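Contents: one structure, followed by commentary.
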Amino acid sequence: MPLTSTVETFSRPPLHEGTVAYVALRNRHMEARPEKARPEIARHHFAMPPEKTARFPRAARLLRHADFERVYKQGRRHFSASMTVFYWPRPETTTQTEASPRTLAPAPTGLRVGFTVGRALGGAVQRNRMKRRLREAVRMTLPAEAIAADVVINPKKSLLTIDFAAVRNEVTRAFAVIEQKLSRTLSEKAPEATNRIAGSPKPLRLRSGQAPPESRS
């Protein structure tokens with residue numbers, strides 16, 4: 001037998017000894033880091049508990065084109081550094097349901113918010129990022145109980161570069177201004193409606209030759 005073959009044969013460890021050493025090393029590694037062997041342990045010990053996050057449900061979103069047009073034509077404006085907010089006080093009346101137009105359902109309460117991001121603001125990637133930032137800011141700041149109104153937010157190009165905290169503050173400020181102005185408008189209209197109801201009745205218009213009705217004692 002050649003000398004080289006003898007040296008290689010004696011220098012090589014037996015196969016079973018290498019397997020035993022590998023298993024022992026693997027067991028020590030798993031004991032040190034049990035999350036690698038059992039992922040459920042890692043989820044149980046190291047995962048953060050889920051936080052209660054705010055919601056932006058479908059009922060609070062402005063979706064129909066007609067609603068957007070109504071806000072633009074009949075609503076008011078609020079300006080800030082990185083967005084323009086349009087809002088319109090929504091009357092508290094019943095509406096027709098989409099499933100059955102003949103069925104009347106109560107009108108939605110609170111704010112309904114929509115976004116308009118035009119192509120002039122950038123490509124699809126930039127516009128989608130603007131929508132995501134606005135949607136997240138609205139989700140975090142949407143008041144649970146607010147006046148019934150439809151809101152449309154038009155962002156500016158600066159929305160992509162400012163901090164998200166500034167975006168959230170602008171949305172919060174816009175909601176507060178809308179609540180304040182619309183509440184003041186409704187409070188001013190309430191006495192006028194009361195005066196019209198409690199006012200004296202209109203005089204009767206008599207035709208030619210018609211005698212006035214007799215007053216009852």
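Here, each number is a calculation from the coordinates, and none is a lab measurement. Keep in mind that this is a model prediction, so the values were computed, not measured. Cβ coordinates were reconstructed from backbone atoms using ideal geometry, including for glycine residues, and neighbour counts include every protein chain displayed.
Here are a few things to note about the model shown:
- Computed extension length for Asp163-Arg61: 34.3 nm, one decimal, from 0.36 nm per residue of separation with the Cα-Cα distance subtracted.
- With the simple spin-label model, which puts each label point 7 Å out from Cα in the Cβ direction, the Ala176 to Arg119 separation comes to 3.9 nm.
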